[in-house]
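Beneath this line is the structure, given in structure tokens, with notes to follow.
The numbers here are math on the coordinates, done by the rules we state, and not lab data. Note that this is a predicted model, so its numbers are computed, not measured. Don't worry about glycine lacking a Cβ; one is built from the backbone with ideal geometry, like all the others, and counts go over all protein chains shown.
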């Protein structure tokens, strides 16, 4: 294992899988799908970036992605903070409960919202029973439903990323700040938050990248009225068989994720040097 | 921890509600005796569990999904563990680049990879659905194998292997008697993660499955779109039960947080 050739030999099967099952097909699909020239894809991209219908899909995808990212950080950071700083033995159970959904199928998790938001769903029933509204409002197949579904899906990721960051901040620093007279709130904002910000950046990146590429949630909770890039991509590739449209959509989605990941590692590097 | 931090506490409770309450509602509707998904559920019965377990498309898809997840996991480990060894212990030029390459399937949207494999391998090369699904799932699991086993390899002292070699063990023997036992928790974590990820996968399987080979999550997705009855809730509850078993095994053996700590750095 110390010389070069056995090492290469060990890598070979993996490299073959990556080339045949990932890199080559992906590049071919993005830039040279069957019967479509690169020029046509570029043309299609230009069309999508100017057409109001396509722009609304792109806008919805990015917009909802940003909203979900903010919500996940706002809800996830306090959970991570409380769990990391808690000495209660329940903290372990609560942490496990926060991580467990990651193991559970997205379909199962998203399905719950159908029960909650559907026509005869719990929330509608509750609203009419309490007399707040006469008729249950349309909750399913709305952007709100997508935001709820995506938040449920990605909150565990946000919690884990924030948790490992907060856990690395020495609790002694909190005590020091408190001892020097800082209030609990001030300690949180000027000690805990800045020191764990790399974890927040990771959390935000993971949540955003997941949200703009998620398929199950917009499919089940957004329906055909609230298309997002992922559902649009599926429709191009299996319903209308529009390879140029599919490649252009895939390019937009991929670039979106790459740009955000790039920005986040840039921020991380800057944070590390300053 | 709740009373002294009212704002953080409230946000945390809201977070847990969003994460867990929908799952509880799935379970509650699975036990209804009614024909529709309605709330509150009326009566208690196990009829929808009976229905789900007697519904051939679900059971067929369940078997397919289990097969696919099992084979893909084994394949990803067989390919990924040697690659991890090469990356961490071999004298390779451009190690960082090689590792980045093995992790790259994590960054590209899964739906995009699924479309690429469908268009290029299924349509282009007329390959059957199962081998392409297997390739796709294996590629998707490779980053887990490389990262999670890599993390436990990084903790293992290379001096131990050198000692074994110095005492006359062949490289192969040193690997099987020294390195592999050290890697066991990492390999176990990677296997668990890979299996669950493959079993639950939708974006990749969506386009790649065929009439003869359908996976369970996609079958359930299609079913929900057509009819809206508690049978899917029952199937979902069974999946939940299976996932709880896996989670308990994970917690008892390597620990939950450790498994996921490995992939989210």
Next on the checklist: I need the P(r) histogram for segment B:56-261: all alpha carbon pairs, bin width 5 Å from 0 out to the longest distance, whole percents.
Outcome noted: 1, 7, 13, 16, 17, 15, 11, 8, 5, 3, 2, 1, 0, 0
Checklist entry - What nm distance separates the two modelled labels at residue A:12 and residue B:127, each placed 7 Å from Cα along Cα→Cβ? => result 1.9
Item to check | Theoretical FRET efficiency, 1/(1+(r/R0)^6), r = Cβ-Cβ of residue B:249 and residue A:50, R0 45 Å, to 0.05 | outcome: 0.30
Checklist outcome for this item: Most fluctuating of A:41, A:79, A:123 in the GNM of chain A (C-alpha, under 10 Å) is A:123
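Where does each of A:162, A:72 land when they are ranked from fewest to most other beta-carbon atoms within 10 angstrom? Walk me through the numbers on the way to the answer.
On the way: A:162 27, A:72 31.
Sorted ascending by nearby Cβ count, the order is A:162, A:72.
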Next on the checklist: For peptide B:115-127, what's the mean number of Cβ atoms from other chains within 10 Å of each residue's Cβ?
Outcome noted: 6
Checklist entry - Over all residues in A:69-80, what is the mean tally of Cβ atoms on other chains that come within 10 Å of each residue's Cβ? => result 4
Next on the checklist: Between segment A:173-199 and segment B:92-131, what is the separation of their alpha carbon centroids in Å?
Outcome noted: 44
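From Cα pairs below 8 angstrom and at least 6 apart in sequence, can you work out the relative contact order of chain A, rounded to a whole percent?
26
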Checklist entry - Taking Cα pairs under 8 Å and at least six residues apart, what relative contact order does segment B:59-149 come out at, in percent? => result 51
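How big is the Kirkwood radius of chain A, worked out from every pair of different alpha carbons and given in Å to one decimal? Don't skip to the end; give the middle numbers.
Details: mean 1/r = 0.0459 Å⁻¹.
Answer for chain A: a Kirkwood hydrodynamic radius of 21.8 Å.
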Checklist entry - So, in nm, how far is label residue B:21 from label residue B:51 when the simple model puts each one 7 Å beyond its Cα toward the Cβ? => result 2.6
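Quick one: compute the contact order of segment B:56-261, relative version, from alpha carbon pairs under 8 angstrom and 6+ residues apart, as a percent. Display every interim value, and only then the final one.
On the way: 197 pairs, mean separation 67.4, N = 206.
Dividing the mean separation by the residue count of segment B:56-261 yields 33 percent.
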Checklist entry - Can you list the residues of segment A:229-262 with backbone N under 19 Å from a point 7 Å past the Cα of residue A:66, pointing along Cα to Cβ? => result A:229-230, A:252-262
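Contour minus end-to-end for residue A:193 and residue A:138, with contour as 0.36 nm per residue of separation and end-to-end as the Cα-Cα distance?
So the chain would gain 16.0 nm between residue A:193 and residue A:138.
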Checklist entry - For chain B, what is the calculated [θ] at 222 nm in deg cm²/dmol (nearest 500), taking -39500 (n - 2.57) for each run of four or more DSSP H residues and dividing by its residue count? => result -23500 deg cm²/dmol
Checklist entry - Out of A:83, A:263, A:15, any idea which swings most in a Gaussian network model of chain A, alpha carbons joined below 10 Å? => result A:15
Checklist entry - Build a GNM of chain B with springs between Cα atoms under 10 Å: which of B:30, B:100, B:163 gets the top mean-square fluctuation? => result B:163
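In the P(r) worked out for the protein assembly as shown, what percent of Cα pairs fall beyond 30 Å? Kindly include the intermediate steps, with their values, before the conclusion.
Numbers: 77093 of 144991 pairs.
Value for the protein assembly as shown: 53 percent of Cα pairs lie more than 30 Å apart.
How would you rank A:55, B:216, B:142, B:66, going from fewest to most other Cβ atoms within 10 Å of each one's own Cβ? Kindly include the intermediate steps, with their values, before the conclusion.
On the way: A:55 12, B:216 26, B:142 30, B:66 16.
Ranked by crowding around the Cβ, least crowded first: A:55, B:66, B:216, B:142.
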Checklist entry - Using a simple spin-label model with points 7 Å from Cα along the Cα→Cβ vector, what separation in nm is obtained for residue B:4 and residue B:36? => result 5.1
Item to check | Residues B:211, A:227, B:252, B:165 arranged by fewest to most Cβ contacts within 10 Å | outcome: B:211, B:252, B:165, A:227
Checklist outcome for this item: Output field shielding_mean for B:83-91 (other chain Cβ, 10 Å radius) holds 6
